[in-house]
Amino acid sequence: MKRVVLILIAIGLVSFSLIQKENDTSLSNQSKLDLKSAYVFWKGSNLFTSHRGTVKLKSGFLTIVNRELLSGEFVIDMTSISNREGIEKLENHLKSADFFEVDKYPTSKFKITEVTNENQKIKITGDLTIKDITKKVSFFGVILENEKAYLLKSDVFKIDRAEFNIKYMSKSFFKNLKDKFIDDEVEMSFIVRANK
């Protein structure tokens, strides 16, 4: 009986050591994002026109080993949302309670939960949190590398703003809008750089 107990203790210690080593390795390969060169792009549309813009990141990191993306997290500064045309009225409206309500929800977050290889690209799946609502999203991207940094570039992907309770002029919430609706689908993409 004593021998069995000792074996179980030994197994437990080895398992703990392996887990700790894995965690230490993961942490040692975390690279902070270069916020000055990080770009999150968006495009919103209605039946007649569209607007494009950017949002800045507040913080973030990628964990990359041998050019393989393992994990990552981005904190998005929603107070920085801007449109390419420089229309201040539109920017203020996007920051208001009609859309992202940045006074109450100043940040959003994306946390990578899974990365797989498909057709010479990587498929990234993660949890996107906007206005304290979290939904799973997936998209494709590529990892580029030089001597100083890694660059993660996503393909264009779409999110459904209605899933994050963004109701303004949405056909998901208002049925009699006719042609005055704003599309629920918002196009997104990003480029982030992580220094080695």
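The table that follows gives values for the structure above.
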item: Test: T125 is at negative phi and exposed (fewer than 13 other Cβ atoms within 10 Å of the Cβ); result: no
item: Extreme residue, surrounded by the most Cβ atoms within 10 Å (Cβ to Cβ), among residues of the range 143-194 that are in a loop (DSSP other than H, G, I, E, B), modelled with pLDDT of 95 or more and polar (S, T, N, Q); result: S170
item: Some residue of the range 103-110 being in a strand (DSSP E or B), under 17 Å from L70 (Cα atoms) and in the same structural domain as D77 (by TED's automatic domain parsing); result: yes
item: Meets criteria (modelled with pLDDT under 95 and among the aliphatic types (A, V, I, L, M)) for I76; result: no
item: Residue within the range 86-102 that is touching a Phe, Trp or Tyr at 6+ places or on another chain (Cβ under 6 Å), within 27 Å of I166 (Cα to Cα) and assigned to a strand (DSSP E or B) present; result: no
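The values are calculated or read from the model by the stated rules, or taken from the named source; none is laboratory data. Owing to the predicted nature of the structure, the values given are computational and were not obtained by experimental measurement. Reconstructed Cβ throughout: ideal geometry from the backbone, glycine too, with neighbour counts over all protein chains shown.
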